[in-house]
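One structure is given below, encoded as structure tokens.
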Amino acid sequence: MADQYFSHEPSSTDVRRPVAARIWGRDYDLVSAPGVFSKDRLDLGTSVLLREVEPPVAEGTYLDLGCGYGPICCAIAIECAQAQVWAVDVNRRALELTAENATRLKVADRVHPALPEEVPDEVRFHQIWSNPAIRIGKPELHRMLLTWLPRLTPDGVAWLVVGKNLGADSLQRWLVDQGFECARHASAKGFRVLRVARATNGSGAASSGYGQP
């Protein structure tokens, strides 16, 4: 049976391969391997996310949730010289690849690959970026989001990209029901980009942002 990209220890042969990507106007030469998400290219959902949302520029602590081989976290570290970026994944090979890519790009001092349990409890995030692993199943997805979204700073935001056919709109409604503000920031190529923040009214009855097609 083939590895799932959310396997803890992929059993496939670890053969490194080059991946070229263009992110925020820069060309990247990264390395990937079997057993991780979108091993051969920058996947369409992540491409949409990075095209529709401007890179962070302010000093802060950022989280790439489900980092894969590290294109998002490495690009944030390149774009924002004062950023500290945590790159979290359950897949150990993905974390190894992220570390290798961060080293290649000379940002290893500011990119911190980690298993979920290795992130100190006191760390809070100014932004969370994620193409979440929808295929882990709804209960596990909800548990993951309820673990990490409360760790946003009071004015922090999360950027999530989710396929429309994989339940983006129902996830948006669920996030509002949990007490978050969740607006549809963009729609492209069959994906929604959701902007998530803490509710400002304390009631959880935040706007769902359904005005955008």
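The values are calculated or read from the model by the stated rules, or taken from the named source; none is laboratory data. This is a predicted model, so every value here is computed, not measured. Note that we place each Cβ from the backbone using ideal geometry, even for glycine, and neighbour counts take in every protein chain shown. When the accessible area is computed, the model is the full protein with side chains, heavy atoms only, and any ligands, DNA or RNA have been set aside. Shrake-Rupley method; radii C 1.70, N 1.55, O 1.52, S 1.80 Å.
Can you tell which of Tyr28, Ala81, Leu166 lies farthest toward the positive end of the dipole of the chain, using +1 and -1 charges on the Cβ of basic and acidic side chains (Lys, Arg; Asp, Glu)?
It is Leu166, whose Cα lies furthest towards the positive end.
Which whole-number percentage describes the relative contact order of the chain, with Cα contacts under 8 Å and a sequence gap of 6 or more?
On the way: 449 pairs, mean separation 33.3, N = 213.
Reported as a whole number, the value is 16 percent.
Computed over the Cα atoms of the chain, what is the ratio Rg over Rh, Rh following Kirkwood?
Numbers: Rg = 16.3 Å, Rh = 17.3 Å.
Expressed as Rg/Rh, it is 0.94.
With every atom except the alpha carbons ignored, what do you get for Rg and Dmax of the range 81-177, in angstroms?
Gyration radius and largest Cα-Cα distance of the range 81-177: 14.5, 42 Å.
Given the DSSP H assignment, sum -39500 (n - 2.57) over each helix run of at least 4 residues in the chain and divide by its residue total; what's the result at 222 nm in deg cm²/dmol, nearest 500? Each step should come with its number before you reach the end.
Numbers: 5 runs with 52 residues, N = 213.
So the calculated ellipticity at 222 nm is -7500 deg cm²/dmol.
Averaged per residue, what accessible area in Å² does the chain show with a 1.4 Å probe, protein chains only?
Working: 10000 Å² over 213 residues.
I get 47 Å² per residue for the chain.
Work out Dmax and Rg for the range 148-194 from the C-alpha atoms and quote the Rg first, both in angstrom.
Values for the range 148-194 (Cα only, Rg and Dmax): 10.9, 32 Å.
DSSP loop (so not H, G, I, E, B), at most 14 other Cβ within 10 Å: list which trypsin sites (Lys or Arg not before Pro) in the range 28-74 pass both filters.
The qualifying sites are Arg41.
How far is helix 92-104 tilted, in degrees, relative to the longest principal axis of the Cα atoms in the chain, given as a value from 0 to 90 rounded to the nearest 10?
That helix lies at roughly 80 degrees to the long axis.
Quick one: with all protein chains in place, what share of the accessible area of the chain is carbon or sulfur, to the nearest percent (1.4 Å probe)?
Values: 5010 of 10000 Å².
So the carbon and sulfur contribution to the accessible surface is 50 percent.
Over all distinct alpha-carbon pairs, what is the Kirkwood Rh of the range 48-105 in angstrom?
Numbers: mean 1/r = 0.0869 Å⁻¹.
Every distinct Cα pair counted, the radius reaches 11.5 Å.
How large is the direction-averaged shadow of the alpha-carbon convex hull of the range 26-127, in nm²? Could you put the intermediate results ahead of the total?
Details: hull surface 24.3 nm².
The orientation-averaged projected area of the Cα hull of the range 26-127 comes to 6.1 nm².
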